[in-house]
1. Restricting attention to region B:280-304, which residues are touching a helix residue (DSSP H, G or I) at 6+ places or on another chain (Cβ under 8 Å) and within 20 Å of B:ALA156 (Cα to Cα)?
2. Restricting to region B:97-125, and then to whatever is outside any helix (DSSP H, G or I) and β-branched (Val, Ile, Thr), can you tell me which residue is surrounded by the fewest Cβ atoms within 10 Å (Cβ to Cβ)?
3. Does region B:28-46 hold any residues that are part of a loop (DSSP other than H, G, I, E, B) and either of a type outside the set (S, T, N, Q) or more than 17 Å from A:LEU28 (Cα to Cα) (or both), and which are they?
4. Does any residue of region B:273-291 turn out to be more than 14 Å from chain A (Cβ to nearest Cβ), within 15 Å of the chain's Cα centre (by Cα) and part of a helix (DSSP H, G or I)?
5. Please state which of the following conditions A:LEU147 fails to meet, knowing it meets all the rest: (1) farther than 28 Å from A:CYS76 by Cβ; (2) modelled with pLDDT of 90 or more.
6. Select, from B:ALA79, B:ALA69, the only residue that is in a helix (DSSP H, G or I) and away from chain A (no Cβ under 14 Å).
7. Can you name the residue in region B:246-272 that is part of a helix (DSSP H, G or I), of a type in the set (A, V, I, L, M, F, W, C) and farther than 16 Å from B:GLY195 by Cα and is also nearest to the other protein chains (Cβ to nearest Cβ) among such residues?
8. Taking the conditions exactly as written (crowded, with 21+ Cβ neighbours inside 10 Å, out of contact with any strand residue (DSSP E or B) (no Cβ under 6 Å at 6 or more places or on another chain) and at pLDDT 90 or above), does B:PHE191 satisfy them or not?
Amino acid sequence: MSEKHRGRHEQPKDTRGSGGLPGVLKGLATTARTAMRPAHTAEYPDVAPSLPPRSRGVIALLEENCTSCMLCARECPDWCIHIDSHKETVPAPTPGGRERQRNVLDRFAIDFSLCMYCGICIEVCPFDALFWSPQFEYAETDIRDLLHEKERLGEWMATVPPPPALDDKAAEPAEVAAANRPARTPRAPGGAAAARPPRTVRPKVVREDPT
Amino acid sequence: MTLLEAALRAVAALAAFLVLPLLVGQAEHKVMAHMQGRLGPMYAGGFHGWAQLVADGVKFLQKEDVTPAAADRWVFRLAPAVALVPYLLALALVPVHPGLAAVDVPGSVLLVLAATSVGALGTLMAGWSSANKYSLIGGLRAAAQLVSYELPLVLAVASVALAGGSLSLVALADAWSPWWLLWQLPGAVVFLVAGAAELQRPPFDMPVADAELVMGAWTEYTGLRFAFFLLAEYAGIVVVSLLFAVLWLGGWHGPVPDALGWLWTLLKGLAVALVVVWVRVAWPRLREDQLQRLAWLWLVPLALAQLVLTGTGVVLGW
């Protein structure tokens, strides 16, 4: 009978409680060892929890960046973002110029009783007006009190952590690259074309005659 | 004995009865928590939750005292007292200091054993009178357990009484010598196991097995009466631990001077109580048949063998 077949008919050896000690003594040893170690308890209200850096606690609003474009409100799967705005006319900066219009945000509110913390609003905001904050202590006794206006959302900006550092060999962030580019030199009135050849023209190759 | 001295002794016994069980209960809270990787009570009283059991007592005081309509009213209401008072008597009998017990009678060994047995009667009364099937099963399991474990308990104590040649706890503790640690070891093990079973503590808590019987005989109890049962359980731990410390660990015999004998006895008792707690945390509950098997097939023969050994030793003059 091969080794493989024998195993099926015989009961496997009961290894519980082995290791030199009967099970009851092992139990005593385990509890004693646990008692000697520090407890696992997180003393939450007394000791703040250490949250992972990308915790989704609450959504904070940076009001200055918001253009009332409504992208976030329209992308929100459960329509928990309320935005009211009006247009203001900005007088022309120079005489004879055209008047401009700009959006002014009147109300920005997120109903956290509806929000499902998907983060789509934050992803979709083109102006970096919304951020994840790890702050999570905003429970209320009445569900209606979970509708938070822009003042409260703005207060949470203080708790938004700085963005994580880039990897070692990552490309420069676009903003930095743009800022570091050398300023465009103003074109000299005469002879500028001679100083800088047009880019479409192939530079002339000068070859020395071998003979 | 003057009236004043009697009053003083009574007050001392009552104070010990109210303080020591709470001390053991608090120790159980904290030790069990740390053995399970927790912290236990941390708030009540400020420093590491030292007043948790006081807070629990206040909470029990505020609860409604319910007596089920179908219950046997007087027996139901009397049961907690029957469970609690005998342990008060037993605690008063245990000597903690050289020649000093709150109640000093010649046959204190017998009286202690009798008193602790009566305490178990309270559980039976509670189970029988509650008009609840869980209570009834719990009460009957308690009765079966007590019948089984009373015997090895008494046999183990009888062995010590034989070795010391007395039925007085004070005289037995005085007669103690370190040689007993080895000579009376089987009896000591039997007493500790049977004592834990007598108290219906895990791993012998079949009568209150909460997964099967809700809370056994205590199911219908609320408020202060329920608290009395709990107090009786912890007072029982104190009595059994102190009894073990006095009879097998030599009570006040120790490296400290006689003036501190009471401290030495209490420390030994606390160590035994911690072992009782430790066993509770580490071991699962025995099944009803395993419970009976352990008592009749292991503890009773072991206790009888110890008795034979002790008798031989006494005759040969060890």
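1. Once the filter is applied, which keeps residues that are touching a helix residue (DSSP H, G or I) at 6+ places or on another chain (Cβ under 8 Å) and within 20 Å of B:ALA156 (Cα to Cα), region B:280-304 yields B:LEU291, B:GLN292, B:LEU294, B:ALA295, B:TRP296, B:LEU299, B:VAL300, B:LEU302, B:ALA303, B:LEU304.
2. B:VAL105
3. B:GLY37, B:ARG38, B:LEU39, B:GLY40, B:PRO41, B:MET42, B:TYR43, B:ALA44, B:GLY45, B:GLY46
4. yes
5. (1)
6. B:ALA79
7. Only one residue fits best here, namely B:LEU267.
8. yes
The values are calculated or read from the model by the stated rules, or taken from the named source; none is laboratory data. Keep in mind that this is a model prediction, so the values were computed, not measured. No Cβ is skipped: glycine too gets one built from the backbone with ideal geometry, and neighbour counts run over all protein chains shown.
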